[in-house]
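For reference, the structure is listed below as structure tokens.
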Amino acid sequence: MQLDEERLREVLRKPAPLGLDIDLQEFKQAPEQRVEYYEDLAQASLEVGVDLDKRSKLTTFLQVDHEAIYKAVQKQFEKDIELMTLEEALEKYEWLREYVWRLRSPYEDKYSAFNALHGKGGYFLRIREGRRIHLPIQTCFLTYSPEIVQNVHNVIMVEPDAEAYIITGCTAHKKAPKGLHIGVTEIYVKRSAKLNYTMIHKWGPSFHVRPRTGILLEDGAELVYNYITLGSVASFQSQPSARLAGEGATLSMNNVVYLERSSDMDLWGEAFIEGSGGRVELITNAVVADRAKLTNRGRIVCDADNGKGHISCRGLMLSDEAEVSAIPCLVSRRMDSELTHEAAIGRISEEQLFYLMARGISREEAESLIVRGFLDTSPMKLPEHLEKGVRRIIDLAVKGF
């Protein structure tokens with residue numbers, strides 16, 4: 001895509017249409033000096049589900065600040081997977097330029113425009129036709145230097161009849177309490193391909209996050225798109241948008257959220273059913289504590305025969321100072337479509353507490369059990385080894401509640 005730099009700079013001057021408007025001038029575009037040694041990378045990445053100790057056995061991509069410091073495809077998968085920085089891929093494949101900025105517009109808001117003008121890093125991941133990769137592919141983005149913008153662009157391509165699991169961890173090192181992460185990701189799931197894509201985010205009370213994701217599903221394609229965020233974040237504003245362009249395409253978009261302190265999160269998800277027989281689920285389970293604020297927006301638009309969609313938002317409030325808003329939207333342009341939604345916001349049930357306490361469990365332990373149980377990961381359809389890892393991360397995040 002040919003970018004219009006003048007138009008991009010014009011968009012940069014406009015306030016963000018949703019969420020807290022961030023002054024991009026507060027952040028540095030690059031670290032003041034290149035860091036030769038990164039402390040505690042393995043521990044920081046493990047907290048968001050990426051095990052660097054297994055990088056010799058698993059396909060892994062690791063970017064710190066603006067630099068890809070590790071990327072490797074294991075020998076047994078060299079004919080199945082391509083993994084490289086997006087810059088390397090664009091040099092290697094001329095045709096790839098037709099896929100970059102195809103699913104998200106660089107002109108849609110100031111963060112996308114900033115990414116298009118100043119983006120550094122990100123990866124190109126390709127699962128070749130007919131290959132089925134059941135070991136997880138690990139990618140990790142870690143901000144190490146304080147007060148910088150980590151500004152990445154990723155392209156994922158799952159070719160026809162291929163299948164893969166991807167786990168992506170995004171976090172900030174303790175040395176970088178303040179920063180901004182802008183991530184553009186474009187996901188192409190081709191005919192009859194399957195992808196399970198799980199993101200785990202853990203930032204900090206002074207960090208701002210602006211992901212932008214575009215998704216295209218062809219005939220018979222299946223995508224399970226999971227997002228988990230734990231702890232506190234200064235502000236978060238996300239707009240994943242999916243097109244089910246092919247017949248019989250299936251999307252399950254699942255959010256598990258645990259917010260605390262003064263976090264401000266605007267979490268959006270939308271899907272457009274364009275091929276007949278498309279199926280969509282948008283599910284959010286959120287626990288909100290302290291003074292945290294969550295706005296959950298879900299939208300399904302059906303323009304095809306026999307389309308089905310469902311939006312579910314459940315919010316559990318642990319404080320009278322917290323705030324949860326659920327804003328579902330359903331649009332149908334076909335008489336035989338079936339679109340539904342449900343939303344529920346409340347507190348921990350005294351009946352559940354009494355039931356557990358009657359069995360010898362303290363009130364504190366009972367509350368913690370209920371919170372952990374509320375953050376249900378079963379819709380994520382993770383393989384057993386990943387499910388255990390994700391549950392362990394959630395348990396550690398809410399421990400001591």
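The values are calculated or read from the model by the stated rules, or taken from the named source; none is laboratory data. The shown structure was predicted, so the numbers you read here are calculated from the model rather than taken from an experiment. Here Cβ is always computed from backbone atoms with ideal geometry, including for glycine, and neighbour counts include all displayed protein chains.
What the table shows:
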| quantity | calculated |
| --- | --- |
| Members of the range 81-116 that are within 19 Å of residue 137 (Cβ to Cβ) and in contact with a Gly (Cβ under 9 Å, 6 or more places away or on another chain) | 85, 86 |
| Considering residues of the range 116-150 that are at pLDDT 95 or above and of a type in the set (Gly, Ala, Ser) only, the residue farthest from residue 4 (Cα to Cα) | 130 |
| Selection count, the range 33-82, where residues are more than 23 Å from the chain's Cα centre (by Cα), within 25 Å of residue 161 (Cβ to Cβ) and touching a residue at least 12 places away in the same chain (Cβ under 8 Å) | 4 |
| Test result for residue 241, under 24 Å from residue 158 (Cβ atoms), at pLDDT 95 or above and assigned by TED's automatic domain parsing to the domain that holds residue 180 | yes |
| Tally of residues being outside any strand (DSSP E or B), touching a strand residue (DSSP E or B) at 6+ places or on another chain (Cβ under 8 Å) and over 20 Å from residue 393 (Cβ atoms) across the range 57-86 | 6 |
| Test: residue in the range 33-45 that is in the same structural domain as residue 167 (by TED's automatic domain parsing), within 27 Å of residue 113 (Cα to Cα), modelled with pLDDT under 90 and assigned to a loop (DSSP other than H, G, I, E, B) | yes |
| Filter result (buried (at least 24 other Cβ atoms within 10 Å of the Cβ) and either over 19 Å from residue 103 (Cβ atoms) or in contact with an Asp or Glu (Cβ under 7 Å, 6 or more places away or on another chain) (or both)) within the range 145-154 | 149, 150 |
| Count of residues meeting criterion [surrounded by 12 or more Cβ atoms within 10 Å (Cβ to Cβ) and in a loop (DSSP other than H, G, I, E, B)] in the range 15-32 | 10 |
| Hits in the range 172-194 (condition: in a strand (DSSP E or B) and within 22 Å of residue 121 (Cβ to Cβ)) | 172, 178, 179, 180, 181, 182, 183, 184, 185, 186, 187, 188 |
| Flag for residue 8 being in contact (Cβ under 8 Å) with a residue 60 or more places away in the chain and part of a loop (DSSP other than H, G, I, E, B) | no |
| Subset of the range 195-215 (residues that are surrounded by fewer than 21 Cβ atoms within 10 Å (Cβ to Cβ) and either assigned by TED's automatic domain parsing to the domain that holds residue 396 or assigned to a strand (DSSP E or B) (or both)) | 206, 211, 214 |
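A quick yes/no check of all residues on (1) free of Cβ contacts under 8 Å to residues at least 12 places away in the same chain; (2) in contact with a Gly (Cβ under 7 Å, 6 or more places away or on another chain); (3) crowded, with 24+ Cβ neighbours inside 10 Å:
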| residue | (1), (2), (3) |
| --- | --- |
| 250 | no, no, no |
| 260 | no, yes, no |
| 263 | no, no, yes |
| 268 | no, no, no |
| 285 | no, no, no |
| 290 | no, no, no |
| 295 | no, no, no |
| 299 | no, no, no |
